[in-house]
1. How large is ³J(HN,Hα) for each residue in region 103-111, as worked out from phi by the Karplus curve 6.51 cos²θ - 1.76 cosθ + 1.60 (θ = phi - 60°), to whole Hz, x for Gly and Pro?
2. Below 17 Å Cα-Cα, how many Lys pairs turn up in region 32-163? Only count pairs eight or more apart in sequence, or on different chains, if you could.
3. Let a ≥ b ≥ c be the square roots of the eigenvalues of the Cα gyration tensor of region 97-136; is it rounded (a/c under 1.5), or, if not, prolate (a/b larger than b/c) or oblate?
4. Could you calculate the contour length gain from Ser63 to Leu135, that is, 0.36 nm times the residue separation minus the distance between their Cα atoms, to one decimal place in nm?
5. If you average over every viewing direction, what projected area does the convex hull of the Cα atoms of region 94-175 give, in nm²?
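Since every read-out is calculated from the coordinates, none of them should be taken as a lab result. Small disclaimer: the values here were computed from a predicted structure and weren't measured.
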Amino acid sequence: ERIVCCKGTRIMLSKIKGWNSYALLKTVQVATLLTLPFALFVFVQQFSWFYLFVTLLSVLLISKIGHSIGQHRYFSHRSFKTGPKRHAMLVLGSVFTGNGSPLAFATKHIHHHKTSDTDKDVHSPKLDGALHAALLWPMGTQDYFLNVKGAQLPMHCLKDRLIMRVHFNYFLIWF
């Protein structure tokens with residue numbers, strides 16, 4: 001087993017679960033395909049503008065709060081500080097975006113900013129192509145991000161008990 005040292009903190013990689021969101025993406029895709037006939041039936045038989053509006057608004061709020069504000073501005077860039085209740089809301093909201101745990105997303109995003117358009121960048125369209133940069137890069141394994149690309153785990157996330165608890169139980173939260 002390889003141990004990653006990040007400013008004095010040692011973590012066993014085999015104990016970091018929830019890193020790869022590939023299995024989650026595939027499960028959601030298969031579940032969507034399996035429920036598509038039922039969804040089409042309900043849409044045709046019992047269509048409601050109200051429920052469509054509520055669904056779209058909910059998805060928009062979760063994606064904006066969980067991803068744009070939580071994963072991107074709060075966990076990756078640490079653009080602002082907040083209290084424990086809002087912190088917990090941002091942690092859980094970031095899980096429901098389907099982009100991985102806050103630790104996984106922050107690690108990849110911080111590393112991307114440090115290594116933009118170099119051979120260590122995790123999703124450079126110049127080096128890896130547009131398809132990889134837009135869609136395929138999140139499907140990389142833990143080994144790919146930490147060993148091949150050299151990403152380091154951010155200390156501010158490693159010290160946060162809630163983030164680590166969510167990270168270790170990422171797939172359990174989803175299912």
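1. Per-residue couplings from phi come out as 5, 5, 5, 4, 4, 5, 6, 4, 5 Hz.
2. Taking the Cα cut-off of 17 Å, the pair count is 7.
3. Here region 97-136 falls in the oblate category.
4. Taking 0.36 nm per residue and subtracting the Cα distance, the gain is 24.2 nm.
5. So the Cα hull casts an average projection of 5.4 nm².
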